[in-house]
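Data first, discussion second: the structure below is written as structure tokens.
The values are calculated or read from the model by the stated rules, or taken from the named source; none is laboratory data. Bear in mind that the values here come from a model prediction, so they are computed numbers and not experimental data. Here the Cβ is made from the backbone with ideal geometry for all residues, glycine too, and neighbour counts use every protein chain on show. These area figures cover heavy atoms from the full protein model, side chains too; ligands, DNA and RNA do not enter into them. Shrake-Rupley method; radii C 1.70, N 1.55, O 1.52, S 1.80 Å.
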Amino acid sequence: MPAARARLTIDLDALAANYRLFCARAQGAEVAPVVKADGYGLGAAQVSRRLWAEGARSFHVARLEEGEALRAHFGPERPASIYVLDGAPTGTAGRLIAANLIPILSSVGQIENYHALARADAPLPCGIHVDTGMNRLGLRLEELEAVAGATDRLARLNVQLVMSHLVCSDQPEDRLNARQVGRFKALRHLFPDARASLANSGGVWLGPAFLFDMVRPGIGLYGGGPLGRPDPAIQPVVRFEAPILDVRAVPQGETVGYGASFTAPEPLRIAVVGAGYADGILRSASPEGAVWFSGARRRLLGRVSMDLIAVDVTDCEAAQPGAMVEIIGPNLLLDDAARDAGTVAYEILTRLSGRAERVYVGHLDSALSRESGNPVPSRGHELERPGSPLSRG
Ligand SMILES: *Cc1c(COP(=O)(O)O)cnc(C)c1O
């Protein structure tokens, strides 16, 4: 029987290859993957575990809860440094400490509150986020100087990392990039014992001046181009496919789908495909979007609906119910799909819903199994058998 529902395939070996590429380009800086938002929608547990097997020892999440879940998945046998980009908002400190997480404190108030909780004989590990131009999270330079000069505010904190975030890393020609590097360099001396981190995926592509001690790639590991467009050095990690449910003729002059936004200019043959916006195909993918089927890009016709899309297969004999079309994958790259939908690869990935079947291919723990021959496809649920580290938390 052909597959009856949409399928999201996540290639852990491709993820690992992208991680190794970042390691090579980081020139000795630590590569600390960003696995927030459930690993950009791909499964933080699986993604992080493979990255650990590749040698990653520091990870970044956005939220406290993401950090707690990752700590539980890793368990005592994988003692990763887990940084929390939200810092320590009111009420979270106890849980951050209990799960041995490292908040990246992002305001003077957070620093004071976290400091007040620490014991003199056990300084709390933390990072400090400094704003070099984003105007989102982080201390302003003058605040950082004031904090660094007031040692009583820091005595009980073990500041391991000073970090900032790039505003336009996907636009190498933007002058703000150099300005941010300059500002970041100028403040490093305030925390000489802390490591420094500025670059996300795009930042790693901007050159050695951006690397410092640690880089924080996300999207590039998951198959998105670091500069916001397809990059041949990056391997696709995700393949999103859905089955053709029906193939039908549409007479000239009739419309397809809700709102009658598309009218057949001539008699057409269309495939009705079983995936829609509830599966993560953005509604804005029409009218520019397409799928890949039988060796060609085939345009979407009419609006994306909740469960269905329609595709032009007029010249295509291979289009038959049960056949799978590629919505994102090696033939229809993430960044191209994003551009067609007027958005970015990040949004495409994080919208891929849980309704599709999830299949992980490649190895979860690389080193041993890589020697044993071909990767064995594994279903998502098999990765979570009772007793495995992934089933906790
Ligand atoms: C999300 C995030 C990253 C990762 O960015 P990519 O562009 O996905 O590589 C790095 N640093 C911070 C602070 C982030 O919020």
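If you go through region 171-201 one residue at a time, how many are open to solvent by less than 40 Å² (accessible area, probe 1.4 Å) and in a loop (DSSP other than H, G, I, E, B)?
Qualifying residue count, region 171-201: 5.
Just give me the residues in region 222-258 being more than 15 Å from the ligand (Cβ to nearest atom), crowded, with 17+ Cβ neighbours inside 10 Å, assigned to a loop (DSSP other than H, G, I, E, B) and of a type in the set (G, A, S), in sequence order.
Answer for region 222-258, where residues must be more than 15 Å from the ligand (Cβ to nearest atom), crowded, with 17+ Cβ neighbours inside 10 Å, assigned to a loop (DSSP other than H, G, I, E, B) and of a type in the set (G, A, S): just G257.
Checking the condition over 26 Å from the mean Cα position of the chain (by Cα) and among the small types (G, A, S), which residue from A178, A199, A186 passes?
A186
Given the condition within 16 Å of the ligand (Cβ to nearest atom), open to solvent by 40 Å² or more (accessible area, probe 1.4 Å) and touching a strand residue (DSSP E or B) at 6+ places or on another chain (Cβ under 8 Å), answer yes or no: does some residue in region 46-64 qualify?
Yes, some residue in region 46-64 is within 16 Å of the ligand (Cβ to nearest atom), open to solvent by 40 Å² or more (accessible area, probe 1.4 Å) and touching a strand residue (DSSP E or B) at 6+ places or on another chain (Cβ under 8 Å).
Where the second residue is in a helix (DSSP H, G or I) and modelled with pLDDT of 95 or more and the first is under 13 Å from F210 (Cα atoms) and open to solvent by 20 Å² or more (accessible area, probe 1.4 Å) and lies in region 16-28, which pairs have Cβ atoms under 7 Å and are six or more apart or on separate chains?
If the second residue must be in a helix (DSSP H, G or I) and modelled with pLDDT of 95 or more, the pairs left are R25/V204; Q27/P208.
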